[in-house]
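Read-outs throughout are calculated quantities, based only on the coordinates presented, and are distinct from any laboratory measurement. Only a predicted model underlies this, so the values are computations on that prediction, with no experimental measurement involved. Don't worry about glycine lacking a Cβ; one is built from the backbone with ideal geometry, like all the others, and counts go over all protein chains shown.
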Amino acid sequence: MPARRKLDPKETIEHLKKIYQIYLQEGRDPKRFTIRHYNRINEDPHYYIDVYVKKMGGWNVSLQKAGIPLGFRQYKEFSKEEIAQYVKKVYKIFLSETKKDARYKNQDKTFRMKDFITYNAKAGNRFSLAVVLKRFGSWSNLMRELNIPIGRSRGLSHEQIVDHVLKVYDRYLKKEGDQRIFSKEMYDKYNFIDDVYISSKLVERRFGTWLAAKRKMKIR
């Protein structure tokens with residue numbers, strides 16, 4: 001960026017939004033916009049990436065100012081405490097919204113992953129479910145650390161787990177082909193589907209072993 005050009009924060013963020021819209025028009029994932037994508041699309045020498053990284057408070061801060069979702073790989077940029085406070089915020093909104101809901105009368109308001117996804121938008125969509133799970137390891141770990149009641153079923157039916165594993169397997173086949181064994185490592189590599197993460201440990205608990213789960217689903 002030329003030294004004599006004065007930085008206008010508003011115009012700078014508007015430019016970032018413009019590049020993001022071009023990125024979306026390419027049919028890209030809205031939650032995977034990275035510095036690499038910005039550099040590839042941007043042709044304005046006045047807005048090199050350093051403008052956002054060094055002058056606007058950082059890449060993640062710039063994305064937040066522009067209202068652009070943070071990808072799950074950026075979870076390391078934030079502390080567990082910061083993410084935990086945000087989850088508490090979503091939880092409070094969930095409790096408030098469901099207070100008068102007839103479906104919850106005489107029932108414990110179990111805060112499930114699907115509830116986080118539903119009420120996340122009302123809290124600002126600062127962190128996706130994928131980011132939260134990557135930081136805490138599992139939904140149950142997060143609930144324990146925040147002292148939030150854990151539902152007995154943990155919000156996931158047998159069918160939901162099977163459906164998720166098969167979706168992960170389908171992505172694995174498209175990326176790796178069928179020449180390799182679908183191991184737990186491969187499952188973890190492609191685990192995030194539509195911002196949902198179901199640990200291999202949970203799959204094993206439901207089916208006994210990883211091999212038993214694959215046999216039940218007829219997966220190699």
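Structure notes:
- Listed pairs Lys17/Lys189; Lys55/Lys134; Lys65/Lys114; Lys114/Lys167; Lys114/Lys214; Lys88/Lys184 exceeding 23 Å between Cα atoms: Lys17/Lys189; Lys55/Lys134; Lys65/Lys114; Lys114/Lys214; Lys88/Lys184
- Label point distance in nm, Lys114-Glu145, each placed 7 Å from Cα along Cα→Cβ: 2.5 nm
- Note on the stretch 158-217: semi-axes of the ellipsoid equivalent to its C-alpha gyration tensor, largest first and rounded to whole Å, are 17, 14, 10.
- Each of Phe207, Val165, Asn191 was placed along the dipole of the stretch 158-217 (beta-carbon charges, centred on the mean Cα), and the one lying farthest toward the positive end is Phe207.
- A convex hull fitted around the alpha carbon atoms of the stretch 9-69 yields 71 Å³ per residue.
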